[in-house]
Amino acid sequence: MTIRTARPNRAQHFQPRLYCLKKLESILLEMQDTKSGVKGTEQKLNITTIPHVIAGNDTIAWISNKMKTTTEEAQAFGTMLVAYGYIYPLQNHKKLVMCNDSSLYRFQTPYFWPTQKWVPDDSDYAIYLAKRNIRKKGVLEPYEQAHYNHLHEWLNHKWDFIVMQAAEQYKAGKERKKPDRVVFDCQERAYWMVNRPPRCAHSAMDCGPERLIDPNTDEKTTFDIYRRKNMFYQQAIMRSKVKSSVSLGALVKYITTYKNHDPLLASCLPSNPWQTDHDAYWTLNMRRVEVPTKMRVERWSFSLFELLSDLRGRDDFKIFLKKEFSGENLAFWEAAEELKWGTSSSMSTKAETIFKTFLAPGAPRWINIDGRTMGLTVKGLEHPHRYVLEAAQTHVFLLMKKDTFFRYLKSPTYKDIQKKALNPEPHNFSPANLEQNALNRSPGIHPIILWQQEEEEKAKAAAASAPVDVKAMMSKIDRKK
Amino acid sequence: MCDQTFVAATFGPCDSCSKPSPLMNIYIKNEATNYCSLCVEMMACQGLQKGETLESLKRESETLKKKLEEERNKLNDVECNVSVILCWPILIVWDAFTLNKEHGVPLPCTWVLACAYAPSGCAIACGGLDNKCSVIPLSLDKNENLAAKKKSVAMHTNYVSGCSFTNSDMQLLTSSGDGTCALWDVESGQLLQSFHGHTADVLSLDLAPSETGNTFVSGGCDMKANVWDMRSGQNIQSFESHESDINCVKYYPSGDAFASASDDATCRFYDLRADREVAVYQKDSIIFGASTCDFSLSGRLLFAGYNDYAINVWDVLKGTRATILFGHENRVSRVRVSPDGTALCSASWDSTLRVWA
């Protein structure tokens, strides 16, 4: 008989979620094998002897041998076995860890394993506590006492039943032989230690919020699901795929290109701030630094995407484009990005400005795209939506990627910045210096301030690069004359 | 990248209802057509035609699936086992750089499952068991009550498992336990696009870093990892090789591949261009599920956090474990590499965050 309690069940609702437990069990069976498993001995407790007792160091050595791992890993694995309740400690029953010494453990009986389908619910726990109460004449641990009081209140309506069950189980227990009784008591105590741990103790049984779908139920698949699947498979079959050798080759190339730039693999100049507590690396690579570092400049040459994502690189690219008088492509790309990622309410105004500035015939910053794309875009702008500039934007981006980017890399602008770029000396801190650095840690500039600065700069740049009104200029010059 | 194949016909008039909208390219009786998402749904749900039964559709589904596997295998000419030389730094554990707490926002919801930082650094998004994802603007004033400015953006019918800002502060992508992902406009709270296709809870999502940035990958309890097009809501690719729930998906830095971490104690690496799984990261001694994964800056290392309180570091190319990081006292729930790649941060149920460098 079970009662559904409103409090979250500490043992997970859907036991089958714990996929790892099946594998654990097969390992446990091997461990318990009398010939090839962990060596078992006996423990003498006053007059009784408890059989099948294993030592911590023996278990860890067996695990280490079987799984070919280090002792540290084997110890961590052993602790997991104890935490999940497959093995329980005999001496310090409250601390659920496996120690690499001669402390004693025993295997838990399969009845109490976490994979069994029955859930340890509150009335079972109440019966257990009541039984303990009878036996120890009212001496429970403080947290158990707190639980007991709470359950007494909560399950008051069936308390008679609970007490009766407890008394019966106690009587049945007394009829067992002493060693069996001791063993069973230990097992039960270990079981409840795992499933009802004291407050603030970590429990391996914590599984987080319940998942909605039970993996074991067979969902009835209706015809529309099959239709969707068929549509998906057909589309997937038709889509173009690439040979593994080609795509894996590309991945290897990516890794080799970035190898020296990965701070976790190669050294970070001047030093990794997390290791030496000195933030020179971050100050040298800030957004608006005058002279960037050599590594940063090298990274710009990897791809157009890298160049544009690093805003300092984008600035440099803009300088180059200004010299070539082809800044409108990048400006259009940036405006299209803003449209794509902007708020829904600002879309129509942005689309209009973009049309007037870049796409309308005779526009001040007219971009040169092919007729078909231009036609599609202009037509789409009649009912502007978020992705209306996709085709044009991709076209412009590809143009920049295939042509402008490579010219930039060969240009004097880029070569100039390469020459000027800093190559900081690696730091060499003594332990005393490191301590000093640790004391001098500062939080750096807040991202909100950086963002505000960025917005100000953008506004200034927009004002400066506003399309020149030729007629106004001419009239000004006339007046001067 | 993959997005280039969708440039040509993603927008325009639908072939069935003629309304201009984002289009999905599908095949009807082996002919390529472009339908808007509403027409696709209607077509999928129309009653059984003459000669069609549930059985015949099921058989067709299975034949197509086999054919797809055959097609994928034809192009599999090389396995992922490359040897490259590399050298090792030291690992030290630090707490955050200054151990300062910048902002503290009290939240009424007891379980927050997902949080994200806006690209500008001016706002954060969080969501969880309250079925919502809210955006909280940050301020420089430390005494300001940030909880008052909290704004609910996403509304799902079940818990929110993951959230992420897109390239700007104005759009939010969320994944939920109700099996869907959704794209929201932050300012108005409007739903811009929803993504249906998972048959169980979606546990995580990640946006593609590629230059055209229009796709994202999601992983769920139905053991599938799906790649979606954000514009049309179409499920572009799907990978089903895990044996249990996928807890975390993460794109490779170049955007051409992604990794997933699952309860079956393996991490798998999928290549998007070859459309298949190329590597499995597993070891006999690792039995407990992986709950999170992240790549280092170059993509050579894959950091995965497990439920046995350790973080395993895998060599992506060789497929072997490079090292193991101990230190946490409860399961590791998230690992993230910093954007500049200098350090790894791991969060755990033992209430600590550790930074590894």
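At-a-glance table
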| item | result |
| --- | --- |
| Pick from the range B:74-83, criterion within 7 Å of another protein chain (Cβ to nearest Cβ) and in contact with a Ser or Thr (Cβ under 9 Å, 6 or more places away or on another chain), ranking: modelled with the lowest pLDDT | B:80 |
| Of residues in the range A:240-256 being small (Gly, Ala, Ser) and surrounded by 21 or more Cβ atoms within 10 Å (Cβ to Cβ), the one nearest to the chain's Cα centre (by Cα) | A:247 |
| Where residue B:32 falls short, out of the listed (1) in a strand (DSSP E or B); (2) surrounded by 14 or more Cβ atoms within 10 Å (Cβ to Cβ) | (2) |
| Residue, farthest from residue A:193 (Cα to Cα), within the range A:134-180, restricted to residues that are under 47 Å from the mean Cα position of the chain (by Cα) and of a type in the set (Val, Ile, Thr) | A:162 |
| Selection count where residues are more than 16 Å from residue B:121 (Cα to Cα) and surrounded by 15 or more Cβ atoms within 10 Å (Cβ to Cβ), scope the range B:151-180 | 17 |
| Subset tally (residues that are more than 7 Å from every other protein chain (Cβ to nearest Cβ), in a helix (DSSP H, G or I) and either surrounded by fewer than 21 Cβ atoms within 10 Å (Cβ to Cβ) or at pLDDT 90 or above (or both)) for the range A:257-280 | 3 |
| Members of the range B:225-252 that are charged (D, E, K, R), in a loop (DSSP other than H, G, I, E, B) and more than 11 Å from chain A (Cβ to nearest Cβ) | B:240 |
| Flag if residue A:79 is of a type in the set (S, T, N, Q), touching a residue at least 12 places away in the same chain (Cβ under 8 Å), more than 28 Å from residue B:283 (Cβ to Cβ) and surrounded by 14 or more Cβ atoms within 10 Å (Cβ to Cβ) | no |
| Count - residues of the range B:253-264 that are within 9 Å of chain A (Cβ to nearest Cβ), hydroxyl-bearing (Ser, Thr, Tyr) and either touching a strand residue (DSSP E or B) at 6+ places or on another chain (Cβ under 9 Å) or touching a residue at least 60 places away in the same chain (Cβ under 8 Å) (or both) | 1 |
| Index of the failed condition, residue B:327 passing every other in (1) touching a Gly at 6+ places or on another chain (Cβ under 7 Å); (2) more than 10 Å from every other protein chain (Cβ to nearest Cβ); (3) assigned to a loop (DSSP other than H, G, I, E, B) | (1) |
| The range A:317-365, residues that are more than 41 Å from the chain's Cα centre (by Cα) and under 30 Å from residue A:416 (Cα atoms) | A:322, A:323, A:324, A:325, A:326, A:365 |
| Residue match in the range A:183-199 (condition: over 24 Å from residue A:111 (Cα atoms) and loosely packed, with under 15 Cβ neighbours inside 10 Å) | yes |
| The range A:341-365: number of residues that are surrounded by 15 or more Cβ atoms within 10 Å (Cβ to Cβ) and either over 27 Å from residue B:23 (Cβ atoms) or acidic (Asp, Glu) (or both) | 3 |
| Verdict on residue A:298 being assigned by the TED database to the domain that holds residue A:392, modelled with pLDDT of 90 or more and in a helix (DSSP H, G or I) | yes |
| Residue A:416 vs. criteria over 30 Å from residue A:342 (Cβ atoms) and without any contact (Cβ under 8 Å) to a residue 12 or more places away in the chain | yes |
| Residue that is assigned by the TED database to the domain that holds residue B:291 and surrounded by fewer than 20 Cβ atoms within 10 Å (Cβ to Cβ), where the choices are B:207, B:191, B:203, B:129 | B:207 |
| Meets criteria (more than 18 Å from residue A:403 (Cβ to Cβ), in contact with a Lys or Arg (Cβ under 6 Å, 6 or more places away or on another chain) and surrounded by fewer than 16 Cβ atoms within 10 Å (Cβ to Cβ)) for residue A:311 | yes |
| Counted residues, the range B:158-188 - those being more than 8 Å from chain A (Cβ to nearest Cβ) and touching a residue at least 40 places away in the same chain (Cβ under 8 Å) | 15 |
| Search result, residues across the range A:1-29 that are at pLDDT 75 or above and surrounded by fewer than 13 Cβ atoms within 10 Å (Cβ to Cβ) | A:22, A:26, A:29 |
| Single residue of B:38, B:23, B:57 found to be surrounded by 13 or more Cβ atoms within 10 Å (Cβ to Cβ) and at the interface with another protein chain (Cβ under 9 Å from one of its Cβ atoms) | B:57 |
| When residues of the range A:294-304 are limited to those that are in contact with a Phe, Trp or Tyr (Cβ under 9 Å, 6 or more places away or on another chain) and surrounded by fewer than 20 Cβ atoms within 10 Å (Cβ to Cβ), the one nearest to residue A:413 (Cα to Cα) | A:301 |
| Test: residue in the range A:444-452 that is surrounded by fewer than 16 Cβ atoms within 10 Å (Cβ to Cβ) and of a type in the set (Val, Ile, Thr) | yes |
| Among the candidates A:394, A:353, A:373, A:377, residue that is farther than 30 Å from residue A:275 by Cα, β-branched (Val, Ile, Thr), more than 14 Å from chain B (Cβ to nearest Cβ) and part of a helix (DSSP H, G or I) | A:353 |
| Residue check for residue A:131: of a type in the set (Lys, Arg), more than 36 Å from the chain's Cα centre (by Cα) and crowded, with 21+ Cβ neighbours inside 10 Å | yes |
| All positions within the range B:195-223 that are more than 8 Å from the chain's Cα centre (by Cα) and away from chain A (no Cβ under 11 Å) | B:195, B:208, B:215 |
| All positions within the range B:281-292 that are within 12 Å of chain A (Cβ to nearest Cβ) and either over 18 Å from the mean Cα position of the chain (by Cα) or over 20 Å from residue B:349 (Cβ atoms) (or both) | B:282, B:283, B:284, B:285, B:286, B:287, B:288 |
| Filtered residues of the range B:265-280 (kept if in a loop (DSSP other than H, G, I, E, B), facing chain A (nearest Cβ under 7 Å) and surrounded by fewer than 22 Cβ atoms within 10 Å (Cβ to Cβ)) | B:273 |
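One line per residue, one yes/no per condition, for (1) on the phi > 0 side of the Ramachandran plot; (2) at pLDDT 75 or above; (3) touching a Ser or Thr at 6+ places or on another chain (Cβ under 8 Å); (4) not assigned by the TED database to the domain that holds residue B:301:
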{"position": "B:3", "(1), (2), (3), (4)": "no, no, yes, yes"}
{"position": "B:39", "(1), (2), (3), (4)": "no, yes, yes, yes"}
{"position": "B:51", "(1), (2), (3), (4)": "yes, no, no, yes"}
{"position": "B:66", "(1), (2), (3), (4)": "no, yes, no, yes"}
{"position": "B:72", "(1), (2), (3), (4)": "no, no, no, yes"}
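The values are calculated or read from the model by the stated rules, or taken from the named source; none is laboratory data. Just so we're clear, the structure is a prediction, and the values are computed from it rather than from any experiment. All Cβ positions, even for glycine, are placed from backbone atoms using ideal geometry, and neighbour counts span all protein chains on display.
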